[in-house]
Protein chains: 2
Amino acid sequence: MRFSLSIAALALSVACSAALAQQRTTIPASAVAEAAKLREKALASDLGWKITESLTTEVGPRLAGSEADARAVAWAVAKFKQLGYDKVWTEPVTFPKWVRRSEHGEVLGAHSQKLYLTALGGSPGGTVEAEVVRFPDLAALQAAPDGSLAGKIAFVDYQMKKAQDGSDYRNGGGIRGRGPSAAVRKGAVAFLMRSAGTESHRTPHTGATRFEEGLKPIPAAALSIPDADQLARLVALGPTQVRVALDCGYDGEYTSQNVIGEIRGSKKPDEVVLIGGHLDSWDHGTGAIDDGAGVGITMAAAALIKPLKPARTIRVVAFANEEQGLFGGRAYAEKYFKDVEKHHIAAESDFGAGRIYGFDSSAPDFAKPAIEQIAQALAPLGIERLPGKGDPESDIGALTARGMAWGWLGHDGTDYFDLHHNADDTLDKIDPKVLAQNVAAYAVFTYLSAQSDGGFGSAPKEAEPRRQR
Amino acid sequence: MRFSLSIAALALSVACSAALAQQRTTIPASAVAEAAKLREKALASDLGWKITESLTTEVGPRLAGSEADARAVAWAVAKFKQLGYDKVWTEPVTFPKWVRRSEHGEVLGAHSQKLYLTALGGSPGGTVEAEVVRFPDLAALQAAPDGSLAGKIAFVDYQMKKAQDGSDYRNGGGIRGRGPSAAVRKGAVAFLMRSAGTESHRTPHTGATRFEEGLKPIPAAALSIPDADQLARLVALGPTQVRVALDCGYDGEYTSQNVIGEIRGSKKPDEVVLIGGHLDSWDHGTGAIDDGAGVGITMAAAALIKPLKPARTIRVVAFANEEQGLFGGRAYAEKYFKDVEKHHIAAESDFGAGRIYGFDSSAPDFAKPAIEQIAQALAPLGIERLPGKGDPESDIGALTARGMAWGWLGHDGTDYFDLHHNADDTLDKIDPKVLAQNVAAYAVFTYLSAQSDGGFGSAPKEAEPRRQR
């Protein structure tokens, strides 16, 4: 039995290996050769820069739901057409409209002085004058007894740390997301935080917050880093009264658009390699690194691929309203979940315009040969294969959670949170040469993925929780 | 004749040399030995930092004529007393009061977006909507035909360059001072300039301007560097309308105070070594490098000297309203011109808190031995004797122009114009260790000057024109 069982197992093993061998995804050598030329062409091109310059200059800041949102949509439609995309269309995305009208902060009393702050997206308006209670981090606020901050302003004074992968945004972004609700629960009348930022300028960092169900929202704002330093010093000197006056809040609904451009596939036009970034930005800067660059990089990458007549369709999506809750990505996932298998692989650029240093993918073992080929084509750009490091970025997350395969081209984010969501996110912060490297990386990844002779594992699955960027 | 003349000249020369030898100013060896100990003590002290921290935190921004001006005066009086100065008093300084209430800028039309700008001190209020005409520098504006800018906004787009000695402030500050009047003469309805700054943040640099007699002032403002970049790009794309709305202007007079503290001289109490900085600041930052540091450095230096019982009196002046026209320095000069010979030597710290790298003095040849001794005592701090490089700084200029001898302790100003007159001039920009080096330099210079056995050449003279910092 033993012998005959072994024979059977051996036979099965041989059969499976044969089957797997048949399914192993690889990329034709001719495509790999084309990709090397594409890479050099992209490195020498300023197309990504020109697109990013055009968006950030001609549209400027483009808060979701603002007058500039509509101008951004019109800009993206026109730009796709101008770049020669085969098909350009829009798909509606509806969300609650949040507006910022004015915001002021000041220390009252003997040390009277202005504080540079900005309302968090989703904050209600309101004017509060109250004493500040400082907490070094979110855990300290959460540990305060319920009701202990009655009539006070909670101030969470955590300083985010720099990291290439931006990993401490876990803390900075976590305070922004969960701090206001924690403050309400303790009885606070307003919430202040040290900006989730890593520089030291008078440019407070905004970003979305959300109050938990059943809690009455309170004015919530972020101080610039030097202002947080100052407030911490003043609180250490004695009781400190602060006035926070925010005029902002939700005002009905708005319908924006995901703007989509396609380079039609020459052999498998119904299979799609999806790349993109988000079209909206916060209102203080001009959304250069967040995420004008992502739009510029991916629009340029597909345009540079077009003359190569890619086998599969390249679809570039400029997503609507990422900033206030991934609305564009979620609308896209809802519409296209039924087609998840037709989404060959996806990659989003939404982590700035730093040098791309790492490559990873969700691709299962059978697609590793193709992934390895892509990694080799990226290596001359200084990009390392970093298995297990990657993560689908922002808008594509809703569909990758439902089974879409993804690639990750990791930007160096060491300085990303110097500029993220503040007024300093402007074009001058982007290095055109580094941006060209980004475009080259996206072009190589996208083209080679489109030419593969097998899939990367996209298949429908139940939604799973994911972390939010 | 020739021979006898030569004999006479030789005789005169010998006589003069003898006289000069008698008058040569030197410093006793015991004082030089004390100075070395003082230097090390100052390097190890955080007193300068503590004073600067106290002023910038507890008073914060202190625009001349504002509510905070009075708080700054009270702070300085209290701080001198707390530091154990022997005599503390104030002297009135009256000036036109300029107030900033609000300021807004925006691009109108298809590329509608906010512009970060700030009114120049001295600008009138007003709201203007007009087309922008860009000039690369002041000379280009000056070369435009009179009346050619009727109904337009003049935009001078000169980018200041970094320099250790801040020398390109000649251009940046020159545009701020003379640009608005030039714009009026060409018919412009408003004046915009690229900030006189060397960074790239959304923090516009303010500073005083002055309209020439007989010209009708127009709203005048500085754009942040990224906003100047943006406006230049937009103007290059086509006619660009901008709205500038300033609510600011002169509002009567205000009387502030020069605040003066003295360490009384043990041997020649009526002879004064004068050091100081200015107490006022612009309103956006907290006046840390301009000029909280100067106040902190000089207050600390004299306090550290006190236990040594200096031979001459050390007088520290915290000057009123330097920023809007050297009012404190001019009031001081007017009051004390009659005592110019009693002002042994003076040095002001008003160029930030960078490492002091150079030393110079107006002292004539007969005082060179003492100057050389001071230079040797400063050398261990990394300070080089740089004959001909120095310049009396800001407030003491009115009295040095009338014959007061001066010393110069030159701060490295490479980054000074990153922060000068903008919101980012905050305490975090000062390195406490470098500030201690500054204090040590001032302490050594001040103490050795006070101990010299002769003068540094102070003697009344007619006023001469000087350049304004």
**Prompt:** Pulled fully out, how much extra length does the chain show between B:K37 and B:A459, if you take 0.36 nm times their separation in residues and subtract their Cα-Cα distance?
**Reply:** 148.7 nm
**Fill in**
Taking only Cα atoms of chain A, the Rg to Rh ratio with Kirkwood Rh works out at 1.04
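Report the B-A buried area as the accessible area lost on both sides summed, probe 1.4 Å, in Å² to the nearest 100.
Rounded to the nearest hundred, the buried surface is 2400 Å².
With the full set of protein chains in place, find how many percent of the accessible area of the range A:27-96 is carbon and sulfur; take the probe as 1.4 Å.
Its accessible area is 59 percent carbon and sulfur atoms.
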**Request:** May I ask you to give the percent of accessible area on the range B:185-254 that is carbon plus sulfur, with a probe radius of 1.4 Å?
**Result:** 50 percent
**Asked** Any idea what diffusion coefficient the range A:98-249 gets from Stokes-Einstein, in µm²/s, Kirkwood Rh on alpha carbon pairs, 10 °C, 1.306 mPa s?
**Response** 106 µm²/s
**Asked** For B:R243, A:R355, A:R202, what's the largest-to-smallest order of accessible area, 1.4 Å probe?
**Response** A:R355, B:R243, A:R202
**Message:** Using a 7 Å offset from Cα along the direction of the beta-carbon, what are the separations from A:A74 to the same position in each other copy, nm, ascending?
**Reply:** 5.5
**Prompt:** Rounded if a/c is under 1.5, else prolate if a/b beats b/c, else oblate: with a ≥ b ≥ c from the C-alpha gyration tensor eigenvalues square-rooted, which is the range A:379-469?
**Reply:** oblate
**Request:** Please work out how much accessible surface A:C248 shows to a 1.4 Å probe, ignoring ligands, DNA and RNA, in Å² rounded to 10.
**Result:** 10 Å²
**Fill in**
Per-residue accessible area, 1.4 Å probe, largest first, puts A:Y158, A:Y416 in the order A:Y158, A:Y416
**Asked** Leaving out ligands, DNA and RNA but keeping every protein chain, what accessible area does A:S167 have, in Å² rounded to the nearest 10, with a 1.4 Å probe?
**Response** 40 Å²
**Request:** Please report the base-10 log of the normalised intensity I(q)/I(0) for the range A:165-208, using a Debye sum with one equal scatterer per alpha carbon and no solvent, at each q in 0.13, 0.33 (1/Å).
**Result:** -0.31, -1.20
**Request:** Considering only chain B, pick the residue with its Cβ nearest the axis of the rotation onto chain A, and state the distance in whole Å.
**Result:** B:H201, 3
**Prompt:** Quick one: ranking A:Y116, B:Y332 by accessible area, 1.4 Å probe, largest first, what do you get?
**Reply:** A:Y116, B:Y332
**Asked** Which value, in Å² and to the nearest 10, is the accessible area of B:W49 when all protein chains are kept and the probe is 1.4 Å?
**Response** 50 Å²
**Item:** Rg and Dmax [Cα atoms of the protein assembly as shown; Å; Rg one decimal, Dmax integer]
**Value:** 33.1, 139
**Asked** Between A:Q142 and the same site in the other copies, what are the distances in nm, shortest first, taking label points 7 Å from Cα along the C-beta direction?
**Response** 6.4
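What 222 nm value per residue comes from the helices of chain A, counting each DSSP H run with n ≥ 4 as -39,500 (n - 2.57) and dividing by all residues, nearest 500 deg cm²/dmol?
When only DSSP H runs of four or more count, the value is -10500 deg cm²/dmol.
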**Request:** Report which residues of the range A:396-433 become buried by 50 Å² or more of accessible surface when going from the isolated chain to the complete set of protein chains (1.4 Å probe; DNA, RNA and ligands ignored).
**Result:** A:D428
**Asked** Over the Cα atoms of the range A:174-238, how large are the radius of gyration and the largest Cα-Cα distance (Dmax), in Å?
**Response** 12.5, 37
**Asked** Relative to a virtual label point 7 Å from the Cα of A:K162 in the Cα→beta-carbon direction, which members of the range A:197-211 show backbone nitrogen distances below 14 Å?
**Response** A:197-201
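For the range A:92-181, what does the equivalent ellipsoid look like in terms of its semi-axes, each the square root of 5 times an eigenvalue of the Cα gyration tensor, given largest first in whole Å?
Details: eigenvalues 109, 86, 48 Å².
Equivalent ellipsoid semi-axes, largest first: 23, 21, 15 Å.
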**Request:** Can you list the distances in nanometres, one decimal and ascending, from the A:P364 label point to the identical position in each other copy, with the point 7 Å along Cα to Cβ?
**Result:** 9.5
**Message:** Considering only C-alpha atoms, what is the centroid distance from the range B:375-439 to the range B:249-275, in Å?
**Reply:** 20 Å
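Please compute, for peptide B:298-309, the average count of beta-carbon atoms on other protein chains lying within 10 Å of each residue's beta-carbon.
0
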**Prompt:** Tally Lys and Arg at +1 and Asp and Glu at -1 over the other residues with C-beta under 14 Å from the C-beta of A:G126: what net charge comes out?
**Reply:** +1
**For the range A:301-375, fraction of C-alpha pairs farther apart than 15 Å, in %** = 71 percent
**Fill in**
So the carbon and sulfur contribution to the accessible area of the range B:114-157, 1.4 Å probe, in percent, is 51 percent
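So, R0 is 22 Å and r is the distance between the beta-carbons of B:V99 and A:E106; what FRET efficiency does that work out to, to 0.05? Provide the component values of the computation, followed by the final result.
Details: r = 16 Å, r/R0 = 0.75.
With a Förster radius of 22 Å, E is 0.85.
Give me the 1.4 Å probe accessible area per residue for chain B, excluding ligands and nucleic acids, in Å².
Per-residue value: 37 Å².
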**Request:** Estimate the FRET efficiency between B:R264 and B:E131 by the formula 1/(1 + (r/R0)^6), using the beta-carbon distance for r and 60 Å for R0, to the nearest 0.05.
**Result:** 0.45
**Request:** Express the Stokes-Einstein translational diffusion coefficient of the range B:302-456 in µm² s⁻¹, to the nearest whole number, given a Kirkwood radius over alpha-carbon pairs, 37 °C and a viscosity of 0.692 mPa s.
**Result:** 202 µm²/s
**Asked** What FRET efficiency, computed as 1/(1 + (r/R0)^6) with R0 = 45 Å and r the Cβ-Cβ distance, is obtained for B:K368 and B:D251, rounded to the nearest 0.05?
**Response** 0.35
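The values are calculated or read from the model by the stated rules, or taken from the named source; none is laboratory data. Just so it is clear, the structure is predicted and the values come from calculations on it, not from any experiment. All Cβ positions, glycine included, derive from the backbone under ideal geometry; neighbour counts span all protein chains shown. All accessible areas refer to the heavy atoms of the entire protein, side chains included, with ligands and DNA or RNA removed. Shrake-Rupley method; radii C 1.70, N 1.55, O 1.52, S 1.80 Å.
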